[in-house]
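What follows is a short report on a single structure.
The values are calculated or read from the model by the stated rules, or taken from the named source; none is laboratory data. Given the structure is predicted, the values throughout are model-derived calculations rather than measurements. Using ideal geometry, Cβ is built from the backbone for each residue, glycine included, and neighbour counts are taken over all protein chains shown. The accessibility values were calculated without ligands, DNA or RNA, using every heavy atom of the protein model including side chains. Shrake-Rupley method; radii C 1.70, N 1.55, O 1.52, S 1.80 Å.
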Amino acid sequence: MWGAGPGCGGGARRPGCRAKWPGAGPGCGARRRGGGWEPGRGGAWTAWGGARSPGAGPGGDREPGRGGAGSAGGGAGRGAGPGVAAAAPGPLRSPPLPPGAAPRPAWRGRASVGSGDRASVRGCGKRPRSQPPAAAAGPGTMSRAVLQPSQQKLAEKLTILNDRGVGMLTRLYNIKKQGQVWKACGDPKAKPSYLIDKNLESAVKFIVRKFPAVETRNNNQQLAQLQKEKSEILKNLALYYFTFVDVMEFKDHVCELLNTIDVCQVFFDITVNFDLTKNYLDLIITYTTLMILLSRIEERKAIIGLYNYAHEMTHGASDREYPRLGQMIVDYENPLKKMMEEFVPHSKSLSDALISLQMVYPRRNLSADQWRNAQLLSLISAPSTMLNPAQSDTMPCEYLSLDAMEKWIIFGFILCHGILNTDATALNLWKLALQSSSCLSLFRDEVFHIHKAAEDLFVNIRGGSMHRERRKFLRSALKELATVLSDQPGLLGPKALFVFMALSFARDEIIWLLRHADNMPKKSADDFIDKHIAELIFYMEELRAHVRKYGPVMQRYYVQYLSGFDAVVLNELVQNLSVCPEDESIIMSSFVNTMTSLSVKQVEDGEVFDFRGMRLDWFRLQAYTSVSKASLSLADHRELGKMMNTIIFHTKMVDSLVEMLVETSDLSIFCFYSRAFEKMFQQCLELPSQSRYSIAFPLLCTHFMSCTHELCPEERHHIGDRSLSLCNMFLDEMAKQARNLITDICTEQCTLSDQLLPKHCAKTISQAVNKKSKKQTGKKGEPEREKPGVESMRKNRLVVTNLDKLHTALSELCFSINYVPNMVVWEHTFTPREYLTSHLEIRFTKSIVGMTMYNQATQEIAKPSELLTSVRAYMTVLQSIENYVQIDITRVFNNVLLQQTQHLDSHGEPTITSLYTNWYLETLLRQVSNGHIAYFPAMKAFVNLPTENELTFNAEEYSDISEMRSLSELLGPYGMKFLSESLMWHISSQVAELKKLVVENVDVLTQMRTSFDKPDQMAALFKRLSSVDSVLKRMTIIGVILSFRSLAQEALRDVLSYHIPFLVSSIEDFKDHIPRETDMKVAMNVYELSSAAGLPCEIDPALVVALSSQKSENISPEEEYKIACLLMVFVAVSLPTLASNVMSQYSPAIEGHCNNIHCLAKAINQIAAALFTIHKGSIEDRLKEFLALASSSLLKIGQETDKTTTRNRESVYLLLDMIVQESPFLTMDLLESCFPYVLLRNAYHAVYKQSVTSSA
């Protein structure tokens, strides 16, 4: 394979190996489809003629006649139709070279026809490395007899050489790019170390200075360092060296073919033999570009010289290709100058081909005004002809790349510059091309500056403004075309030519802008900045999408066109030919037969069409009929050429739509202008009117892989990675932009929602009250406060608010994100909507946490109701996104809000659950234990108490029923469960401390447990107790925590009853009907379910779990049970001490005590139930025991005479009633047996009377 080397994918090149001609050798792609490798239907061909065919007669001078074994090439190299092998008209040996032509190398090769109709080319066109071109001789060479143009296989050679030329350009480009910022081929360290090693620097410089001379004996000192590295140099530089060798051989083959074309006096006219002329001009430009690119590789002499030196040191002689290769490198230091001399013999053929562009190029290079006046590309300008097929005598020329034509003209006339002095047409083409561009694209991002000296002059004449106006026209033209075709896709049939013309025109203008913007001086940069380029690219992509989507529609149309019209017209043309040799007649008859056999049923059945053989046969036929003295001259039958060009276009509409899209609209060049590409994208996002077209940039990344070539497969991975990274970056930026717009809208909506909060109505109410009482407050003329909703009242539709602008920008950007459901880039599928979804999830998560406004330093946090209002406003905006983009916003809510019910989110960040749990525990409840806040059962809220140091927050605003319901809405059952577990952890730590106090007093408590009916003994034992106040304080703290939890549970039940009433009622029914004989484990499972739904339970399962974890291994279960019993005793005998506390007074207004001792009732009941469930004791018995001890102790203070001790005796009596009322295990009858009810009644009467007295 050309330029094959290690890792190249085709026929590895190793030092000392013979080079392979394109397709030679196993695995090198000889048997490939497409691009002209497939023969005409039924025929097969060799890449190069001049070899004996299998089955030839004696001497091998002739190919077999019809029906024989047949040589490659459609029978006899003539492109015969299916199954037909035409007779070879003459000997295979070639004639002598024309005068002045350089001797050609020997062509060694043979063709063997493989299975079916495909040829396998072996060893074709390989010159022995040991002999220069002048020494070419031997079997298989073209003899010096009469040259037979029909045997030269011009079509096949042009096809192969053009393909291999692009491959060689790809390899040279990657060699040149080694060591630069972007690596298309290899990693950043891929540059040979020998070129940058400081120790070898002098040796490399010496070799370059002496190049191409080889001096290895007299300079051992300078070259000694290389001696050690010679084997590594041979190994690592072989790929580079043999790439240069392949360039040299490619050059030889091109020169040979150009000589052959000159000798055959081939007629070139782009409007008649389009394929022949185009491939001829492409080959010349590819050849020129290759030599220019070769001269730009700075390290070429060092690479070639180093390799040859290592070769000589290893093998004792220079590489046999080195002398010619070295001379070529020297000769082509100034490639254009050398090639101008080289092309003197070819100027006649080249100038004829170029001048034929006079009917095509000026028509393509019109100004935007001329396009506009002609209503170019418009389908609706003439409605009556809308269904008529778009026709042209020069069908393939209509979508021919303007960029390609300009390269043909400029480089072509440089090479045959003499014609500019003698032909006015040539001069006009030359001037027109020079005025259009200041630089040409050589290959990818390599450019050629046409006229640096006159750059400013030419740019100012036409360049910037002319192309700017063209792009402006094309934007509107392509928009109209895309809109009409989306509404009426059936028009893609008759108007397909318009689509490909539009794509080609737009592609040329985009590439022109890209090339010049990157290579123009800053002073004229404004002419090369187009902020609307995204719109043009977008409409190109839309047209491409239409063609791909409605391909079957186009196939149906053109299958009928080919069989019903083209076949008939071609048949008439063939019949009317005055002279039609048998071979040409057979080929054209096969064309007619092929088209006639087509039917719509084939399209409906999904049959795969393949007209590549037919197109190759037409290419061959052009070559046969364009040489001098051809029996059928295409120059004399232009109508035939034009008709066949049209037919070829129609066949492409059936089987090559994807290839046509690549040919007319491939923008993979953006891969090599990544900085400009990214800048265009940023400009697109910054301009709101263009953001709807931003999806064009990720879509362009799907083009990148089309710029790769089989001769350089190693670059596929890097170009693929580049396409993936750019596509990912573009989609990510689009999603970020949309996310930011949505965030801004949410902020605005949250502000509006905040205005509707109840707290803001106080001022309005006060104004109304003052107005009613006619009180004058404030200064006169004070502006009246605007009411919420004023922002929606507009006097003029032209007034645009910030929210309007945000919604407009968002709708534009969302159009782009929603444009395609997914796109495939290098076998990776990208889904733009998922980018937006993931960004919305991340931002929503951060916004929810941010809206809590939690300040750890000041312990400030947003009220749950206000946060809920903001979250709902945020969610309303997010729900509206579904109107713009087809995303499942419910999934976003589920993912985000469910994470917020956990302690940490998926990124390990704190959630609102953890923030509010910490705040309520560490701030609110801590202030309760410090005596600054009390729990008011009447209000079901915690309320601030008047103290010297005012708190920074109002506890009621965070703990009343509405706030707790809001908290339950935000945290959900999972979050509330986490809150409960955190509360229980604090309770368990208090219980652990209480047990320690019990252990300290275990002996005294044991005696008191059995002496409650002995007052004197109880009094003596009580005095021996220690830490009585601590026990009561800790139990009170437990009661406060349990009271807060009961508020939270009640709020949760209310919320769930609203959202899932049937499920909650089922759980409640299940809980209420647990049989008494049910096993405790089963009962606890039911209680756990009920607790999760916010229902109150006789035994708190969360508390049981928390206290169960405290079991000590060193203490036996019996001892644990005893401690639990004694704890209840300790609390019972300590209750009387509360009467002496000033803050123990009962307040009927709040239905509790200011020091929160009313919470003891809940603490005693819940702790007892949990402890004795754990220790499998009788809860009722232990509570009866507690009640007996407590009532006995409280009755004693009724006999006390010390007013200080009995200060709040009545208030403390009420605790007994509260304990019984709170307990599901105790009854009033039981209390009556221990403590006379009359005392309770008198106590209530006393505290109510006292509260009336104090309030008066």
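For segment 361-373, the count of residues that are open to solvent by 10 Å² or more (accessible area, probe 1.4 Å), touching a Ser or Thr at 6+ places or on another chain (Cβ under 7 Å), of a type outside the set (G, A, S) and modelled with pLDDT of 90 or more is zero. Within the option set Y539, Y550, Y561, being touching a residue at least 24 places away in the same chain (Cβ under 8 Å), aromatic (F, W, Y), surrounded by 18 or more Cβ atoms within 10 Å (Cβ to Cβ) and under 30 Å from R638 (Cα atoms) holds for one residue only, Y561. Taking the criterion of being under 16 Å from L276 (Cβ atoms) and among the β-branched types (V, I, T), the residues of segment 603-645 that qualify are T625, V627. Checking D905, D888 one by one, the residue that is more than 26 Å from S811 (Cα to Cα), touching a residue at least 40 places away in the same chain (Cβ under 8 Å) and among the charged types (D, E, K, R) is D905 and no other. Taking residues in segment 567-593 that are touching a residue at least 12 places away in the same chain (Cβ under 8 Å), and partners anywhere that are of a type outside the set (F, W, Y) and open to solvent by 70 Å² or more (accessible area, probe 1.4 Å), the pairs with Cβ atoms closer than 7 Å and at least 6 places apart or on different chains are A567/T596; L573/E639; V579/S631; P581/S631. Go through (1) at pLDDT 90 or above; (2) open to solvent by less than 50 Å² (accessible area, probe 1.4 Å); (3) not hydrophobic (A, V, I, L, M, F, W, C) and name the single condition Q879 misses. Failed condition: (2). If we scan segment 668-681, do we find a residue that is open to solvent by 10 Å² or more (accessible area, probe 1.4 Å), acidic (D, E) and assigned to a helix (DSSP H, G or I)? Looking through segment 668-681, at least one residue is open to solvent by 10 Å² or more (accessible area, probe 1.4 Å), acidic (D, E) and assigned to a helix (DSSP H, G or I).
For residues that are among the small types (G, A, S) and modelled with pLDDT under 90, scanning just segment 1153-1185, find the one that is most open to solvent (accessible area, probe 1.4 Å). Only one residue tops the list, namely S1178. Among the residues here, D1029 does not qualify as free of Cβ contacts under 8 Å to residues at least 12 places away in the same chain and open to solvent by 20 Å² or more (accessible area, probe 1.4 Å). Residue check: Q1145 meets all listed conditions (1) out of contact with any Leu (no Cβ under 9 Å at 6 or more places or on another chain); (2) open to solvent by less than 50 Å² (accessible area, probe 1.4 Å); (3) closer than 23 Å to P937 by Cβ but one, namely (2).
What's the number of the condition L1052 fails, among (1) surrounded by fewer than 19 Cβ atoms within 10 Å (Cβ to Cβ); (2) touching a Gly at 6+ places or on another chain (Cβ under 7 Å); (3) among the aliphatic types (A, V, I, L, M)? The number of the failed condition is (1).
The set of residues from segment 768-786 being open to solvent by 100 Å² or more (accessible area, probe 1.4 Å) and either modelled with pLDDT of 80 or more or of a type outside the set (D, E, K, R) (or both) comprises Q776, P783. Can you work out which of the residues in segment 284-337 that are open to solvent by 20 Å² or more (accessible area, probe 1.4 Å) and among the aliphatic types (A, V, I, L, M) is farthest from the chain's Cα centre (by Cα)? Result: A317.
Among the numbered conditions (1) in contact with a strand residue (DSSP E or B) (Cβ under 7 Å, 6 or more places away or on another chain); (2) open to solvent by 50 Å² or more (accessible area, probe 1.4 Å); (3) under 23 Å from L1047 (Cα atoms), the only one that Q927 does not meet is (2). Counting the residues of segment 723-761 that are touching a residue at least 60 places away in the same chain (Cβ under 8 Å) and within 18 Å of Q682 (Cβ to Cβ) gives 11. Among the residues of segment 1066-1104, none is identified as open to solvent by 90 Å² or more (accessible area, probe 1.4 Å) and under 16 Å from I987 (Cβ atoms). Can you tell me which residue is surrounded by the most Cβ atoms within 10 Å (Cβ to Cβ) among those in segment 1186-1245 that are among the small types (G, A, S) and more than 20 Å from H1158 (Cβ to Cβ)? So, considering only residues that are among the small types (G, A, S) and more than 20 Å from H1158 (Cβ to Cβ), the one surrounded by the most Cβ atoms within 10 Å (Cβ to Cβ) is S1192. Checking A857, A862 one by one, the residue that is small (G, A, S) and open to solvent by less than 10 Å² (accessible area, probe 1.4 Å) is A862 and no other.
Within segment 342-357, residues that are of a type outside the set (S, T, Y) sit with their Cβ atoms under 6 Å from residues that are open to solvent by less than 10 Å² (accessible area, probe 1.4 Å) and part of a helix (DSSP H, G or I), at 6+ positions apart or across chains, in these pairs: F343/L415; H346/L258; L350/G412; A353/T277; A353/Y280; A353/L281; L354/G412; I355/A426. Here V658 fulfils each of the conditions (1) surrounded by fewer than 21 Cβ atoms within 10 Å (Cβ to Cβ); (2) within 21 Å of E509 (Cβ to Cβ); (3) among the β-branched types (V, I, T) apart from (2). Of all the residues in segment 948-987, those that are open to solvent by less than 40 Å² (accessible area, probe 1.4 Å) and among the hydroxyl-bearing types (S, T, Y) number 6.
Pairs linking a residue in segment 983-997 that is without any contact (Cβ under 8 Å) to a residue 12 or more places away in the chain to a residue that is part of a helix (DSSP H, G or I) and open to solvent by 10 Å² or more (accessible area, probe 1.4 Å), with Cβ atoms under 6 Å and 6 or more positions apart or on different chains, do not occur. Of the residues making up segment 903-952, those that are within 15 Å of N1156 (Cβ to Cβ) and part of a loop (DSSP other than H, G, I, E, B) are N930, G931, H932, P937, A938, M939, K940, L945, T947.
For segment 864-884, the candidate set comprises residues that are under 24 Å from the mean Cα position of the chain (by Cα) and among the aliphatic types (A, V, I, L, M); within that set, the residue that is nearest to S968 (Cα to Cα) is L878.
Condition check for E1077 on (1) within 60 Å of the chain's Cα centre (by Cα); (2) part of a loop (DSSP other than H, G, I, E, B); (3) of a type outside the set (K, R): one failure, at (1). When you scan segment 1105-1120, do you find a residue that is buried (at least 19 other Cβ atoms within 10 Å of the Cβ) and either closer than 27 Å to H1153 by Cβ or among the aromatic types (F, W, Y) (or both), even just one? Yes, some residue in segment 1105-1120 is buried (at least 19 other Cβ atoms within 10 Å of the Cβ) and either closer than 27 Å to H1153 by Cβ or among the aromatic types (F, W, Y) (or both).
On the stretch given as segment 485-506, residues that are open to solvent by 20 Å² or more (accessible area, probe 1.4 Å), over 19 Å from Q391 (Cα atoms) and in a helix (DSSP H, G or I) total 2. Within segment 1097-1114, the residues that satisfy the criterion of being in a loop (DSSP other than H, G, I, E, B) and within 16 Å of I1164 (Cα to Cα) are C1097, E1098, I1099, D1100.
Here P396 clears all of (1) open to solvent by less than 20 Å² (accessible area, probe 1.4 Å); (2) part of a helix (DSSP H, G or I); (3) under 25 Å from K479 (Cβ atoms) except the condition numbered (3).
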